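To start, the structure itself, in structure tokens.
Taken together, the values in this text are just the output of simple stated rules run on the coordinates, not laboratory data. The structure presented is a predicted model; accordingly, all values stated were derived computationally and were not measured. Positions of Cβ are generated from backbone atoms using ideal geometry, with glycine treated the same way; all protein chains shown enter the neighbour counts.
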Amino acid sequence: MTSLLTRWLLTLTVATATLVGLPSPAQAASYAPSSNPILFVHGWNSTASTWNTMISRFQADGWPASHLRAFSYNTSQSNATTAQTVSQEVDKLLAATGATRVDIVTHSMGGLSSRYYLKNLASRSKVDRWVSLGGPNHGTSSANTCVSTACVEMRVGSTFLATLNSGDETPGAFVYGTWRSPCDGVINPVDSTVISGAANTQTACVFHTSLQNDATIYGQVREFVNP
């Protein structure tokens, strides 16, 4: 009788979770986070709030709030300068969680400072996986119309990108993944996001500023950082 009651209660819990759009116990178990907390790096002319939707989805899938960290920074400064901030934020997240490594998820220009960090500043033992959503990894013509240091660095053929992409585009023992959309509208050419040596994914038609909010892309990123 007790066994039947337990099974009935579990079935009711799963059904209720499905109705309200929450993860069932089975889903929560399937997507329980690995030991890696996640650092989110936004792009040009944006703030940490751009990650609110994705962070809420990670939390719904079992990631503790303490393991999900987004921060804001001055998007006009050099990506090399921002890389120093990325380094500090990684250390803060490791200290706060007691983890040994983090995963980094980026949008747009956030991919450049974090790549600079991985190539020049990161200890190989501090980061596991890195994600670029619509990153101008080889430049974009959209940056030709703005004049800040960061914008100049995003231009196709810039000195910053030539140095960043010289040699191995995926240096270190990190796992790299990129997502690009044929309807991006900001990263031109779209294939600028593709990095040699990374797992490169083309999405459906999603505009640049919606990449971090798209449910399908979120699911793919979740699987990538929690294999």
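Among the chymotrypsin sites (Phe, Trp or Tyr not before Pro) in segment 147-212, those located in a DSSP loop and surrounded by at most 15 other Cβ atoms within 10 Å of their own Cβ are Phe207.
Summarising the label geometry, the points placed 7 Å from Cα in the beta-carbon direction at Gln59 and Ser72 lie 1.8 nm from one another.
Extension gain for Asn165 to Asn120 (0.36 nm times residue separation, less C-alpha to C-alpha distance): 15.0 nm. Descending by average beta-carbon neighbour count within 10 Å, the peptides 38-51, 69-82 line up as 38-51, 69-82, the highest first.
Couplings 3J(HN,Hα) of segment 153-159, computed from phi: 5, 8, 6, 4, x, 5, 4 Hz, in residue order, whole Hz [Karplus 6.51 cos²θ - 1.76 cosθ + 1.60, θ = phi - 60°; x for Gly and Pro]. In this simple spin-label model, placing a label point 7 Å from the Cα along the Cα-to-Cβ direction at both Asn52 and Thr209 gives a separation of 1.4 nm.
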